[in-house]
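This report concerns only the one structure given below.
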Amino acid sequence: MKERLDRIKKRIADAAIACSREPESVRLVVVSKTVEAGRVAAAIDAGAVILGENYIQEARDKFNALYDRPVQWHFIGHLQSNKAKYAVRMFDLIHSVDSFKLAKSLNKEARKNGKVQDILIQVNISREETKSGIDETDAIDLVTQTSGLENLRVKGLMTMPPFFDAPEQARPFFRQLSRLREQIIDRNIPGVGMDELSMGMTGDFEVAIAEGATLVRIGTAIFGARR
Ligand SMILES: *Cc1c(COP(=O)(O)O)cnc(C)c1O
């Protein structure tokens, strides 16, 4: 586990250096979906500091087993408004906000918990029907609307390009998300931060880093193929 994790960290650092970025400007989200708590604990011991989970129920079981560990929990899966309560209790950053309805539910729960919830807006750059995320053309409106919710703080954008065998093919999608980020920065929307770009997985994270990723979400390269 430690070897795999160290190898990925090295590849992240090398990819950053290759495009004249600071290695510390890219953080690794260790994607632990379908991985049982014991192996997640081993990953934490091996140096994982951010965990990424996709499913609320599964995350709750692990969160309860590992709550005293010094890690950040990020939610990266599709989130339904009726699960907002659980998401706000557990997660330091929610990568997958893609509707105002969901944003309002999260805001309400965050207010109840006396918390300001950090979120990213998930954008469906590829416009695949099967993918979550808001259309790019509606993303700025969603960011603007969400900026008015007192208990949410927008920190950046997330995307998931289509699956390709060749990572280079994902580059235009990463580049497009990066452009959208610039456009949002130019709008100077009060209260909106655009520091984070969550993009890149096992197959394509080096390309994502070259296009500006600050959070890469990696599961398979660390835990092996999922069942
Ligand atoms: C599963 C998943 C990942 C990790 O994918 P790997 O190819 O296993 O690295 C990243 N992001 C999201 C949203 C995922 O669902």
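I'm trying to understand the selection: among the residues of segment 65-82, which are open to solvent by 60 Å² or more (accessible area, probe 1.4 Å) and within 16 Å of the ligand (Cβ to nearest atom)? Correct list: GLN72, HIS78, GLN80. The single condition from (1) within 13 Å of the ligand (Cβ to nearest atom); (2) farther than 28 Å from VAL88 by Cβ; (3) open to solvent by 30 Å² or more (accessible area, probe 1.4 Å) that ALA170 fails is (3). The residue pairs whose first member lies in segment 77-94 and is touching a residue at least 12 places away in the same chain (Cβ under 8 Å), whose second member is away from the ligand (no atom under 16 Å from the Cβ) and in a loop (DSSP other than H, G, I, E, B), and whose beta carbons are closer than 7 Å, counting only pairs six or more residues apart or on different chains, are VAL88/ASN113; VAL88/LYS115; ARG89/ASN113. Across segment 173-227, which residue is most open to solvent (accessible area, probe 1.4 Å) among those that are more than 16 Å from the ligand (Cβ to nearest atom) and of a type in the set (Lys, Arg)? In this case the residue turns out to be ARG187. Taking the listed residues GLU128, GLU109, the one that is open to solvent by less than 70 Å² (accessible area, probe 1.4 Å) and at pLDDT below 95 is GLU128, with no other qualifying. When segment 45-77 is filtered for residues that are outside any strand (DSSP E or B), under 24 Å from GLY203 (Cβ atoms) and touching a helix residue (DSSP H, G or I) at 6+ places or on another chain (Cβ under 9 Å), the ones remaining, listed by number, are ALA46, GLY47, ALA48, ALA59, GLY77. For beta carbons closer than 6 Å, sequence separation of 6+ or different chains, a first residue in segment 26-43 that is near the ligand (Cβ under 9 Å from one of its atoms) and a second that is assigned to a loop (DSSP other than H, G, I, E, B) and at pLDDT below 95, the qualifying pairs are THR34/ARG226. No other residue among SER96, SER105 is of a type in the set (S, T, N, Q) and part of a helix (DSSP H, G or I) apart from SER105.
Here is a check on your reading of the model: is ALA87 within 16 Å of the ligand (Cβ to nearest atom), in contact with a strand residue (DSSP E or B) (Cβ under 8 Å, 6 or more places away or on another chain) and part of a helix (DSSP H, G or I)? Yes.
The values are calculated or read from the model by the stated rules, or taken from the named source; none is laboratory data. In this text the structure is predicted, and so the values were computed from the model without any measurement. Cβ sites come from the backbone with ideal geometry, for glycine too, and all protein chains shown count toward neighbours. To get the accessible areas, we keep the full protein, side chains included, count just its heavy atoms, and leave off ligands, DNA and RNA. Shrake-Rupley method; radii C 1.70, N 1.55, O 1.52, S 1.80 Å.
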